[in-house]
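The next block holds one structure in the form of structure tokens; read it before the comments.
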Amino acid sequence: MEQLLEKIESYKKEIEGFKAADVKAVEEFRIKYLGTKGVVKNIMGEMKNVPTDKKKEFGQVLNDFKLFTEDKYESLKSNAGNGHQAKASGIDLTLPGDEMPLGSRHPITLMRNRIVSIFERLGFAVAEGPEIEDDWHNFTALNLHEHHPARDMQDTFYVQQNPDWLLRTHTSNVQIREMEKGVLPIRGIYPGRVYRNETVSARSHCFFHQVEGLYIDENVSFADLKQTLYFFVKEMYGKDVKVRFRPSYFPFTEPSAEMDVTCFICGGTGCNICKKTGWVEILGCGMVHPNVLTNCNIDPGKYSGFAFGMGIERPAMLKYGINDIRLFSENDVRFLKQFTSTI
Ligand code: PHE
């Protein structure tokens, strides 16, 4: 009796430690322990030698042993079935998986998406244009003639192989490309990278990002421009922000304006960011110049429209408290991984 119990215990240990690398080994287990001449049957056979008064107690032990062996068989079977190839090649499927590091979006992308999605809700459609552009789309069609002084405002990188090609100095080239398609009305929002030959420092860079907006239809007025930009500012900077339009000059809009918002750092009381003025300039805008419409074969007698352009870097720097524009393009993972949003 004692001997039999010991035997069962040692079988249990053996069974517990049994490892099956493949389906073949699982079958070997079944034959050895659960087969017609297997261990379980064999021990069951010992029942007849057990004294009657112990039969009940011993029957329980035997039954537990049988269930234990069957459980083990089931688990061996399902493991081997799951990946017997992997098991055969020595891979341990029971090891915990490697952690998958979750990437994050670049802060410029986050800010770009924020800006663009506000206009998308107003029905503006996203489009993009080329970064290597010709003189016509970047300057001439936008009413900047060859000797126009405003060309000097935008120090241009030219492409050596072809003097007509340049790196676009603003996203306004996309206005022209979209108008040239000849499908009206137009309600578009155009994000992208632009280039200017400027000395790289903490505050300025030779490439940066803009979002351009364009609305062309019959009877579009300056009131439509203001209302659209008011909506944008409230969505972007909150209900309490105040807005100010200052007359300005761009060759491709008439009238032209620049828009300021009350400083979102100090709330308008004056700080270093707003140079103690309480205001921050966020965009340039205006009614599309009739010459520009004509250049794109749109009749300025019938159609009118507005356009605006804003930078992405500055709002991103203010929102995330970034004090050096160069960080955006250095690809330092310690910087990038601080922006946890993946949207
Ligand atoms: N393209 C202008 C700039 O880069 C911004 C602008 C766009 C102004 C559209 C008016 C209308 O400064």
As a test question: what accessible area, to the nearest 10 Å², does residue 199 have when a 1.4 Å probe is rolled over all protein chains in place?
120 Å²
Of all the accessible heavy-atom surface of segment 2-89, with the other protein chains kept in place and a 1.4 Å probe, what percent is carbon and sulfur?
51 percent
Hey, if you drop one equal point scatterer on each alpha-carbon of segment 208-282 and run the Debye formula without solvent, what base-10 log of I(q)/I(0) do you get at q = 0.11, 0.14 Å⁻¹?
-0.33, -0.53
With all protein chains modelled, accessible area of residue 266 [1.4 Å, Å²]
30 Å²
Tell me the trypsin sites (Lys or Arg not before Pro) within segment 134-184 that lie in a loop according to DSSP and have at most 11 other beta-carbon atoms within 10 Å.
181
Diffing segment 284-289: the Karplus 3J(HN,Hα) column from phi (6.51, -1.76, 1.60, θ = phi - 60°), in whole Hz with x for Gly and Pro, holds x, 7, x, 7, 4, 5
Accessible area per residue for segment 2-89 in Å², computed with a 1.4 Å probe and the full protein assembly in place, what is it?
68 Å²
When the helices in the chain are scored as -39500 (n - 2.57) per DSSP H run of 4 or longer and the sum is shared across all residues, what 222 nm value do you end up with, to the nearest 500 deg cm²/dmol?
-11500 deg cm²/dmol
Estimated dipole of segment 1-102 in Debye, rounded to 20 [Cβ of Lys and Arg +1, of Asp and Glu -1, Cα centre]:
560 debye
Normalised contact order of segment 2-89, rounded percent, pairs of Cα under 8 Å and 6 or more residues apart
43 percent
Given the options 229, 207, 253, identify the residue whose Cα lies farthest towards the positive end of the charge dipole of the chain (+1 on Cβ of Lys, Arg; -1 on Cβ of Asp, Glu).
229
Rounded to the nearest 20 Debye, what is the dipole magnitude of the chain about its Cα centre when Lys and Arg each give +1 and Asp and Glu each give -1 at the C-beta?
1280 debye
Largest first, what is the accessible-area ranking of 287, 47, 100 with a 1.4 Å probe?
100, 47, 287
Jot down the radius of gyration and Dmax of the chain, Cα atoms only, both in angstrom.
37.2, 117
On the accessible surface of segment 192-285, probed at 1.4 Å with all protein chains in place, carbon and sulfur together account for a percent value of 50 percent
Aspartates and glutamates whose Cα lies under 19 Å from that of residue 55, excluding same-chain neighbours fewer than 8 positions away
2, 6, 9, 46, 64
About the Cα centre, and with charges only on the beta carbon of Lys, Arg (+1) and Asp, Glu (-1), how big is the dipole of segment 157-302? Nearest 20 debye, please.
540 debye
Would you tally the net charge around residue 195, using a Cβ to Cβ cut-off of less than 9 Å, leaving residue 195 out, and scoring K and R as +1, D and E as -1?
+2
Nearest-10 value in Å² for the accessible area of residue 18, using the 1.4 Å probe:
50 Å²
Among 326, 196, 121, which one shows the biggest mean-square fluctuation in a GNM of the chain, springs joining Cα atoms closer than 10 Å?
121
Dipole axis of segment 2-89 (+1 Lys, Arg; -1 Asp, Glu on Cβ), positive-most option in 10, 62, 29:
29
For a quick check, take a GNM of the chain with Cα springs below 10 Å and name the residue from 115, 132, 43 with the largest mean-square fluctuation.
43
According to the Cα gyration tensor, what semi-axes, each the square root of 5 times an eigenvalue, does the equivalent ellipsoid of segment 197-240 have, listed from largest to smallest in whole Å?
30, 17, 7
Between 270, 213, 311, where does the largest GNM mean-square fluctuation fall for the chain, given springs only between Cα atoms within less than 10 Å?
270
Could you compute the net charge surrounding residue 172? Neighbours are other residues with a C-beta less than 12 Å from the C-beta of residue 172; K and R count +1, D and E count -1.
-1
So with the 1.4 Å probe, I'd like the accessible area per residue for segment 107-342, rounded to whole Å².
50 Å²
If the viscosity is 0.890 mPa s and the temperature 25 °C, what translational diffusion coefficient in µm²/s does Stokes-Einstein give for segment 2-89 when Rh comes from Kirkwood over Cα pairs?
176 µm²/s
Whichever lysines have a C-alpha closer than 23 Å to that of residue 302, once near sequence neighbours (fewer than 8 apart) are set aside:
181, 226
Over segment 167-213, what is the relative contact order in percent, taking alpha-carbon pairs closer than 8 angstrom and at least six residues apart?
44 percent
Among the listed pairs 13/48; 32/54; 13/54; 12/66; 12/32; 239/319, which are separated by more than 19 Å between their Cα atoms?
13/48; 32/54; 13/54
Amide H contacts of residue 126 (H built 1.01 Å from N, under 5 Å, at least 5 apart or other chain)
189
Pairs of alpha-carbon atoms within less than 8 angstrom and 6+ residues apart define the contacts here; what relative contact order does the chain have, in percent?
16 percent
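The values are calculated or read from the model by the stated rules, or taken from the named source; none is laboratory data. Bear in mind that the values here come from a model prediction, so they are computed numbers and not experimental data. Positions of Cβ are backbone-derived with ideal geometry, glycine not excepted, and every protein chain shown enters the neighbour counts. Remember, those area values only see protein heavy atoms, side chains included, never the ligands or the DNA or RNA. Shrake-Rupley method; radii C 1.70, N 1.55, O 1.52, S 1.80 Å.
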